[in-house]
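*Asks:* Shown below is the structure under consideration.
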Amino acid sequence: MMKNFLTAALGLAIVGAATLAQAQAPAAAAPAAAAPQQAGFVKSVRGSVQLLDGAGATRNAAPGDALGAVDRIVTGPDSSAAVVLRDNTTLMVGPSSRMDLKEFHFDGTTRDGGMLVSLLRGSMRMITGLIGKTNPDAVRVETQTATIGIRGTDFIVQTDGQP
């Protein structure tokens, strides 16, 4: 009788372990597959600054927050934010501004990449990183009235947000 009990208990333990492993495998793989590519991070924040991700979720920005490859930065009056992208591009977003990082991709090994930034309202200063230095044509800045191809490494763009 004891032998039958041990055999049954061992069988249940094996089935339970296999079931647990199957249940955990998809859960462990899901965050890696669903995690968006990080484009950079928020370096500094002054005043009221919000980040809006590609899924539409809004959060208050804080230094160290991750910036996704398609995020929006919104600053209030008397507010500003500085962001550093993975290629070491620095973006300073001024007061009462709305800036979309529409596209960002960068391969640190090959130094290949590109970015598209859209300034919808306010002001922005950009100091280009590796993408702008190695392939200036891959960096574009849009406003409501113009698309700017960069030729320098440090510039300021301002728009009033009126069509």
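*Asks:* What order do SER79, SER123 take when sorted by accessible area (1.4 Å probe), most exposed first?
*Replies:* If we order SER79, SER123 from most to least accessible, we get SER123, SER79.
*Asks:* Using a 1.4 Å probe, what is the accessible area per residue for region 38-159, in Å²?
*Replies:* With all protein chains present, region 38-159 gives 47 Å² per residue.
*Asks:* Ignoring ligands, DNA and RNA, what percent of the 1.4 Å accessible area of region 38-159 is carbon and sulfur? Walk me through the numbers on the way to the answer.
*Replies:* Details: 2780 of 5780 Å².
Carbon-and-sulfur percentage of accessible area, whole number: 48.
*Asks:* May I pose another question? Could you please state, rounded to a whole Å, how far the C-alpha centre of region 37-77 is from the C-alpha centre of region 115-129?
*Replies:* 14 Å
*Asks:* Residue separation times 0.36 nm, minus the C-alpha to C-alpha distance between SER44 and HIS105: what's the value?
*Replies:* 19.7 nm
*Asks:* With only Lys, Arg, Asp and Glu charged, each at its Cβ (+1 for the first two, -1 for the last two), find how big the charge dipole of region 38-159 is about the Cα centre; round to the nearest 20 debye.
*Replies:* 240 debye
*Asks:* Within region 54-163, which trypsin sites (Lys or Arg not before Pro) sit in a loop by DSSP and count at most 15 neighbouring Cβ atoms inside 10 Å?
*Replies:* Within region 54-163, the qualifying trypsin sites (Lys or Arg not before Pro) (loop, at most 15 other Cβ atoms within 10 Å) are ARG111, ARG151.
*Asks:* Under a Cβ-only charge scheme (Lys and Arg +1, Asp and Glu -1), can you give me the dipole magnitude of region 92-150 about the Cα centre, in debye to the nearest 20?
*Replies:* So the dipole magnitude of region 92-150 works out to roughly 240 debye.
The values are calculated or read from the model by the stated rules, or taken from the named source; none is laboratory data. The structure presented is a predicted model; accordingly, all values stated were derived computationally and were not measured. For neighbour counting, all protein chains shown are included, and Cβ atoms are generated from backbone atoms with ideal geometry for every residue, glycine included. All accessible areas refer to the heavy atoms of the entire protein, side chains included, with ligands and DNA or RNA removed. Shrake-Rupley method; radii C 1.70, N 1.55, O 1.52, S 1.80 Å.
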